[in-house]
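In what follows, a single structure is set out as structure tokens and then discussed.
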Amino acid sequence: MSNQKEITAKPIGKKVTVSSPATVANMVCGFDILGFAVNAPSDVLSVSQTNEPGIHIFNEDEYDLPTDPEKNVSGAALLALLDKAPDVKGLILTSKKQIKPGSGIGSSAASAAGAVVAANELLGKRFSNEDLVQFAMFGEKVASGVKHADNIAPAIYGGVTLIRSIFPLDIVPIKPPELFVTIVHPQIEVRTSDARQILKHTVLLKDAIKQWGNIAGLVAGLLKHDYDLIGRSLEDVIIEPVRSILIPGFNDVKRLCKEAGALGGGISGSGPSIFMLSKTQQDAEAVEEVMKDIYNKIGLDYHTYLTTINNEGVKVIDNG
Ligand code: HSE
């Protein structure tokens, strides 16, 4: 279904189309600072210029997302970009989403990152990746009330990204070893803003020590291609105990998938999706069967993805 509002703005010049990937934020222990992009699913977005001032949004999917640019994550990101491109009067954005909003696999980030990468390609690549992350974070603010980059950065850079600092922005891209990713999306919606609101604001020192040991272990494991270290480090003693109660079947998924051969995993972003990393495709397939079995028994609809880490990020698929 398309949005009812007719586009009156006329496109001028070429249209750039991109594929923008889903992302898994937090990577279990790295709340707000770690994330990675995956090869499926992804959204498709196109951007062209217009002489009609402002951002003009056209949705070509069933999600009925707002077309007011200030209330739309792609729109808010493009408004931030337009602010730094005074020679550009207006942009037309067409969006076809395949990543369901509220799924926990970076739906809003795919919209925001895809829009700004497409616009940047259209405008002769005048902005750096870091600039694009800054623009796209305005979209995340619309979606969750806060600027966080752990979905946006991997969507734009590809691979795994460490957000060492957000103010000022300091992104460390990490090229991971080959990893297979199995994701289950139980068909319930968890709003990121709600999943943030329930978190405690203080942390015990003993928990902090465990957590930063795991974050350091995970980063070292990724850089050294040490799969056992990666697996041991996929532990979260701060966020997961609070958020996992929102996800039916979470504890069974975690325990039984590890028994089936997964290195480890946990909540994807703010949930409800759960992801598992595996060293081989065979393990990832066994994990997918375990996930299906659990949700069939619970009687909750679900969707699974078996994919790999996307090292490219948002990809231009048509340059007009
Ligand atoms: N780091 C964010 C959170 C990601 O967990 O709230 C949201 O997708």
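The values are calculated or read from the model by the stated rules, or taken from the named source; none is laboratory data. No experiment lies behind these values; they were computed from the predicted model shown. Every residue, glycine among them, receives a Cβ derived from its backbone with ideal geometry; neighbour counts consider all protein chains shown. Keep in mind that these areas ignore ligands, DNA and RNA; they rest on the heavy atoms of the full protein, side chains included. Shrake-Rupley method; radii C 1.70, N 1.55, O 1.52, S 1.80 Å.
Here the condition is being within 16 Å of the ligand (Cβ to nearest atom), open to solvent by 10 Å² or more (accessible area, probe 1.4 Å) and under 30 Å from Pro176 (Cβ atoms); of Pro41, Pro21, it holds for Pro41 alone. Of all residues in region 220-250, those being farther than 27 Å from Gly102 by Cα, open to solvent by 30 Å² or more (accessible area, probe 1.4 Å) and either polar (S, T, N, Q) or touching a strand residue (DSSP E or B) at 6+ places or on another chain (Cβ under 7 Å) (or both) number 1. Do we have Ile274 as surrounded by 24 or more Cβ atoms within 10 Å (Cβ to Cβ), without any contact (Cβ under 8 Å) to a residue 60 or more places away in the chain and within 21 Å of the chain's Cα centre (by Cα) here? Here the answer is no, as Ile274 does not meet what is asked.
What residue, of Glu285, Glu312, is of a type outside the set (S, T, N, Q), surrounded by fewer than 23 Cβ atoms within 10 Å (Cβ to Cβ) and part of a helix (DSSP H, G or I)?
Values: Glu312 fails: part of a helix (DSSP H, G or I).
From the options Glu285, Glu312, the qualifying one is Glu285.
So that you can scan it fast, the table gives a plain yes or no per residue for (1) in the same structural domain as Pro21 (by TED's automatic domain parsing); (2) assigned to a loop (DSSP other than H, G, I, E, B); (3) within 16 Å of the ligand (Cβ to nearest atom):
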{"site": "Gln211", "(1), (2), (3)": "no, no, yes"}
{"site": "Val219", "(1), (2), (3)": "no, no, no"}
{"site": "Ile238", "(1), (2), (3)": "no, yes, yes"}
{"site": "Arg255", "(1), (2), (3)": "no, no, no"}
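Of all residues in region 126-144, at least one satisfies being touching a strand residue (DSSP E or B) at 6+ places or on another chain (Cβ under 9 Å), open to solvent by 10 Å² or more (accessible area, probe 1.4 Å) and either closer than 20 Å to Asn319 by Cα or aliphatic (A, V, I, L, M) (or both).
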